[in-house]
1. Find the residue count for region 1-30, including only residues that are over 16 Å from ASN70 (Cα atoms), surrounded by 12 or more Cβ atoms within 10 Å (Cβ to Cβ), touching a Gly at 6+ places or on another chain (Cβ under 9 Å) and not polar (S, T, N, Q).
2. Which of the numbered conditions does LYS110 fail, given that it passes all the others? Conditions: (1) surrounded by fewer than 11 Cβ atoms within 10 Å (Cβ to Cβ); (2) over 26 Å from LYS40 (Cα atoms); (3) at pLDDT below 80.
3. Within region 77-85, identify whether any single residue is buried (at least 17 other Cβ atoms within 10 Å of the Cβ) and at pLDDT below 85, and answer yes or no.
Amino acid sequence: MKVGLEKLENYEGVAVKALLDSRVTDLFMNTIFAKKKRFKMEKLKKTLLVKNVDSMVNVEGAIMYQMECNMFFKEHMKGTRIDFCNLGKTEVILGMPWLAAHNSEINWEKGEVKMTRCPPICGKRKQEMERKEIKKTEEEEDSEALRKLVSKKFWKWKKVFEKKESEQMLVQKA
């Protein structure tokens, strides 16, 4: 699947091919790919030992670098940390932290990923919640303005005075 990564230092976007793997315990980027695309590599204070699926220590060595970036998939965005290691031909592997954070619907047979169950931490859900809050605030402001402009005895017909209703044109019959 394709995802977008945004470098935090210059907001440059890079499209990458990512592999989803529920057995992987973190998010990884191929070190060679990272250098080629000039991702900023931050040295870890303590190196991390890499074990393969068969529990054997990876012959390519430990993880020594990581990066922070924004990851985009469809309309979803999330700030994330990615570790660098040798992944062969694979550019990025998204493991359980990504899968758990988005709780995506995945059709493994078709290779489809649908973002229908994102929690509030997800960037898209966060934007939707902010929009709802703004709309609620605007409605409260409109209601307050209506109370100031319309006499109290007409409040029971307040719908007639609301912006949406008041902007409608009356149809004239000939």
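1. Matching residues across region 1-30 total 4.
2. (3)
3. Applying the first criterion (buried (at least 17 other Cβ atoms within 10 Å of the Cβ)) to region 77-85 yields 77-78, 82-85.
Filter once more, keeping what is at pLDDT below 85: 77-78.
Looking through region 77-85, at least one residue is buried (at least 17 other Cβ atoms within 10 Å of the Cβ) and at pLDDT below 85.
The values are calculated or read from the model by the stated rules, or taken from the named source; none is laboratory data. As the structure is a prediction and not an experimental result, all values here were calculated from the model. Don't worry about glycine lacking a Cβ; one is built from the backbone with ideal geometry, like all the others, and counts go over all protein chains shown.
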